[in-house]
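Beneath this line is the structure, given in structure tokens, with notes to follow.
The values are calculated or read from the model by the stated rules, or taken from the named source; none is laboratory data. Bear in mind the structure is a predicted one, so any value in this text is a computation, not a measurement. No Cβ is skipped: glycine too gets one built from the backbone with ideal geometry, and neighbour counts run over all protein chains shown.
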Amino acid sequence: MDGRPRTGPPCGPNDDGRRLLYVPVEVQRMEQNVGQTDKLARIAIGALLGIASLAILGDYVSANEILSPILGVASLVLLATGATGTCGLYSALGIRTN
């Protein structure tokens with residue numbers, strides 16, 4: 001290494017003779033748009049939905065079995081948006097709670 005930052009693989013022929021081309025891609029990160037109270041509510045509700053999903057799955061609660069994966073997915077979405085502080089729906093609607 002010559003001390004210069006590496007920007008990608010070298011342009012040149014591949015092992016099979018084809019040329020490789022590196023195109024730099026700028027990664028855009030979503031802005032945090034979920035406030036602290038909203039984060040805590042999402043995490044709490046997400047945890048409760050996850051527990052309910054597992055309770056249905058384990059037959060501890062009698063409910064339609066289709067609810068278990070629906071509640072599980074909703075739980076994961078709420079936990080992820082609460083942990084990261086970003087919500088795609090909020091971004092699309094222009095909502096910020098922070």
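So, A63, is that one part of a helix (DSSP H, G or I) and at pLDDT 90 or above or not?
The answer is no for A63.
Among the residues of the range 48-73 satisfying the criterion of being within 26 Å of L93 (Cβ to Cβ) and in contact with a helix residue (DSSP H, G or I) (Cβ under 7 Å, 6 or more places away or on another chain), which is surrounded by the most Cβ atoms within 10 Å (Cβ to Cβ)?
In this case the residue turns out to be L71.
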